[in-house]
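Q: After the structure tokens below, expect a handful of questions from me.
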Amino acid sequence: MTGFTPDLLNRCIACGFCLPACPTYALTKDETSSPRGRIDLMRALDEGTLPADDPRVREEASFCLGCRACETVCPAGVQYGDLLEEWRDQQWQGSGRPLVARLLMILVDARWRVRLLGLLRRHARTRGGRPEGPSLMLGCFERALFPKVSRAARRLFPELAAPAAQGCCGALHAHNGDSARGRRMAEELGRRLPGTIVTTSGGCAAHLSSVLGRDRVKELSRYAYERDMPGGAEPSRPAAETPPGGVPAETADRPRVALQDSCHLRNGLDVWREPRAMLERIGTYVELPSAGTCCGAAGTYALVRPRDSRRVLDAKLDEIEAAGVDYVAVVNPGCYRQLDQGLRRRKSRVRAVHLAELLAGERPRRREP
Ligand code: SF4
Ligand code: SF4
């Protein structure tokens, strides 16, 4: 099997700095489940010393979360996310691709089907776009699962056009073995939404930026940061408050808020200060020790590997509950679904909520235990 870009594959110097950053290595302590171990597998595939149907190869192509935490600590600049896309482009062809990923990709592949997904839910929509933008990307599953997020984004930024006739950005395809189609879908969306594209999904922001360029694509907190949110100057308080042992009572106007980073937003686009700065304007910000670590949603991962996804999530839920926060803010629909479901399962009083909703003044009531 061949198909890896040599410069990408050869860059790894096998130093192992990435191992402590990798959530799957943390679960198994097995070298094969680490970034370095997986790059070794890719090399073996490339050299033909391992067949594509080797059980370790199949297992690791799927076990990897694709969170790209390994990239941020790599001294050699290995672009692991690109390598993983190339790997899955080869590995996940035809029946080699997990069934649930296949079905979801079919669902979002046509624009009319994406529109259907949002027909029953009242997401933001405006008549047509404006030639110069800016436009709000409605996403595919976000418009169906969390339509209130786009409505909140429009309330915050009424200048955003939100035409319903827009499709999926192609991130789902790019991360599940069809990067060429994922790229074409991003280009098509770029033609439909001229000018600046604002998105409430960190994962979509990273994929779209890789195709259309960073200047053109803004994740919501980045857009807000640049535009300067109404509400005053830059925060002067420290960026994080350590979760205390004794938790002060909630105040009505300043909720205690934590953040779950979007992996691709943080590790791919280096956007992580912006959502924190925004949260500090509306509440008491509490930094979770693992805020920058994957929550286990990871695109289709929670559906393809539910058991492993729960293992990654459980420690994070413990942390959220111990922090004594009212809300955990998210900047990606996959994280929203993952944390919302996890907290509901536990009957936790903490609510998952999208950053756009909090900034727009929404304060979902805490659940009764
Ligand atoms: S940190 Fe980078 S160079 Fe070192 S082993 Fe990991 S991927 Fe390879
Ligand atoms: S993408 Fe995430 S899970 Fe995969 S090797 Fe890198 S750090 Fe580990």
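Read the figures in this text as sums done on the coordinates, not as results from a lab. Small disclaimer: the values here were computed from a predicted structure and weren't measured. Cβ coordinates were reconstructed from backbone atoms using ideal geometry, including for glycine residues, and neighbour counts include every protein chain displayed.
Q: State the Cα centre-to-centre distance between segment 28-107 and segment 335-369 in whole Å.
A: Each part's Cα centre sits 32 Å from the other's.
Q: Could you give each residue of segment 22-34 its phi-based ³J(HN,Hα) in whole Hz, using Karplus coefficients 6.51, -1.76, 1.60 with θ = phi - 60°, and x for Gly or Pro?
A: Each residue's phi maps through the Karplus curve to give 8, x, 6, 5, 4, 6, 10, 6, 10, 3, 4, 8, 10 Hz.
Q: Can you list residues from other chains, or at least 5 along the same chain, whose modelled amide H is less than 5 Å from the amide H of Val217?
A: Ile197
Q: List the residues, sorted by chain then number, that are 5 or more residues from Cys67 or on another chain and whose placed amide H is less than 5 Å from its amide H.
A: Placed amide hydrogens put nothing under 5 Å from Cys67.
Q: Using 28 Å as the Cα-Cα cut-off, could you pick out the over-long pairs in Lys29/Lys347; Lys218/Lys347; Lys148/Lys347? Before the final figure, lay out each step's value.
A: Values: Lys29/Lys347 31 Å; Lys218/Lys347 35 Å; Lys148/Lys347 22 Å.
Cα-Cα > 28 Å for Lys29/Lys347; Lys218/Lys347; rest within.
Q: Under 5 Å between amide hydrogens, which residues at least 5 positions from Ala352 or on another chain qualify, with H placed 1.01 Å from N in the peptide plane?
A: Val328
Q: Taking the Cα centre of segment 1-116 as the origin, how large is its charge dipole in debye, to the nearest 20, when only Lys and Arg (+1) and Asp and Glu (-1) carry charge on their Cβ atoms?
A: Details: 14 positive and 16 negative charges, 116 e Å.
Its charge dipole is roughly 560 debye.
Q: With angles folded into 0 to 90 degrees, how steeply does helix 273-282 sit against the dominant principal axis of the chain? Use alpha carbons for both and round to 10.
A: 20
Q: Enumerate the residues in segment 142-173 having an amide nitrogen under 19 Å from the point lying 7 Å beyond the Cα of Arg127 toward its Cβ.
A: Answer for segment 142-173: 158-166.
Q: Let me ask something else. Any chance you could run the full-extension gain for Arg56 through Glu187? It's 0.36 nm times the residue separation minus the Cα-Cα distance, nm to one decimal.
A: 43.7 nm
Q: Put a dot 7 Å past each Cα toward the Cβ at Leu103 and Arg344; how far apart are the dots in nm?
A: Going from the Arg344 label point to the Leu103 one covers 1.8 nm.
Q: Read phi for every residue in segment 105-115 and hand back ³J(HN,Hα) as whole Hz from Karplus 6.51 cos²θ - 1.76 cosθ + 1.60, θ = phi - 60°, with x for Gly and Pro.
A: Using θ = phi - 60°, the values come out as 5, 4, 4, 9, 6, 10, 4, 5, 6, 5, 5 Hz.
Q: Looking only at Gly182, Gly299, Gly16, which one moves most when the chain is put into a Gaussian network model with springs between Cα atoms under 10 Å?
A: Judging by the Gaussian network model, the answer is Gly16.
Q: Still on this structure: For the chain, with only Lys/Arg (+1) and Asp/Glu (-1) charged at the beta-carbon, what is the dipole magnitude about the Cα centre, in debye rounded to 20?
A: Values: 57 positive and 45 negative charges, 368 e Å.
That gives a dipole near 1760 debye.
Q: What list of ³J(HN,Hα) couplings, whole Hz, do you get for segment 55-68 from phi and the Karplus terms 6.51, -1.76, 1.60, once you set θ to phi - 60° and write x for glycine and proline?
A: x, 5, 5, 5, 5, 6, 4, 9, 5, 4, 6, x, 7, 6
Q: Mind checking which aspartates and glutamates have their Cα closer than 17 Å to the Cα of Lys316? Skip sequence neighbours fewer than 8 apart in that chain.
A: Asp261, Glu287, Asp308, Asp326, Asp340
Q: Among Leu120, Thr300, Ile282, which residue has its Cα positioned farthest towards the positive end of the charge dipole of the chain, with +1 placed on the Cβ of Lys and Arg, -1 on the Cβ of Asp and Glu, and the dipole taken about the Cα centre?
A: It is Leu120.
Q: Can you bin segment 75-225 into rounded, prolate or oblate? Criterion: square roots of the alpha carbon gyration tensor eigenvalues sorted a ≥ b ≥ c, rounded for a/c under 1.5, prolate for a/b above b/c, oblate for the rest. Kindly include the intermediate steps, with their values, before the conclusion.
A: Values: a/c = 2.09, a/b = 1.40, b/c = 1.49.
It comes out oblate by the Cα gyration axes.
Q: What FRET efficiency comes out for Leu120 versus Ala322 if R0 is 25 angstrom and r is the Cβ-Cβ distance? Round to the nearest 0.05. Write down the numbers at each step before the final one.
A: Working: r = 38 Å, r/R0 = 1.52.
Plugging the Cβ-Cβ distance into 1/(1 + (r/R0)^6) gives 0.10.
Q: Give me the net charge for the shell around Cys12: Cβ to Cβ below 9 angstrom, other residues only, Lys and Arg +1, Asp and Glu -1.
A: Numbers: positive: Arg11, Arg36, Arg43; negative: Asp40.
Surrounding charge for Cys12 is +2.
Q: Before rounding to the nearest 500, sum -39500 (n - 2.57) across all DSSP H runs of length at least 4 in the chain and divide by the residue total; then give [θ] at 222 nm in deg cm²/dmol.
A: Details: 19 runs with 171 residues, N = 369.
Helix contribution divided over all residues of the chain: -13000 deg cm²/dmol.
Q: Treating only the Cβ atoms of Lys and Arg (+1) and Asp and Glu (-1) as charged, compute the dipole magnitude of segment 73-174 about its Cα centre; round to the nearest 20 debye. The partial results should precede the final answer.
A: Numbers: 16 positive and 8 negative charges, 182 e Å.
Rounded to the nearest 20 debye, it is 880 debye.
Q: Calculate log10 I(q)/I(0) of the chain for q = 0.10 Å⁻¹, where I(q) comes from the Debye formula with a single equal point scatterer on each Cα and nothing for solvent.
A: Here log10 of I(q) over I(0) equals -0.62.
Q: I need the shape label for segment 6-91. Rule: rounded when a/c is under 1.5, else prolate if a/b > b/c, else oblate, with a, b, c from the alpha carbon gyration tensor. Please report the intermediate quantities before stating the final value.
A: Working: a/c = 1.62, a/b = 1.21, b/c = 1.34.
Oblate shape, in that a/c is at least 1.5 and b/c is the bigger or equal ratio.
Q: On full extension of the chain, what length is gained from Glu226 through Cys15, given 0.36 nm per residue of separation minus the C-alpha to C-alpha distance? Let's see the in-between values first.
A: Numbers: separation 211, 0.36 × 211 = 75.96 nm, distance 3.76 nm.
Stretched out fully, the Glu226 to Cys15 stretch lengthens by 72.2 nm.
Q: In the chain, with Lys and Arg counted as +1 and Asp and Glu as -1 at Cβ, which of these residues, Pro98, Asn176, Ala356, has the Cα nearest the positive end of the dipole, that is, farthest along it?
A: Ala356
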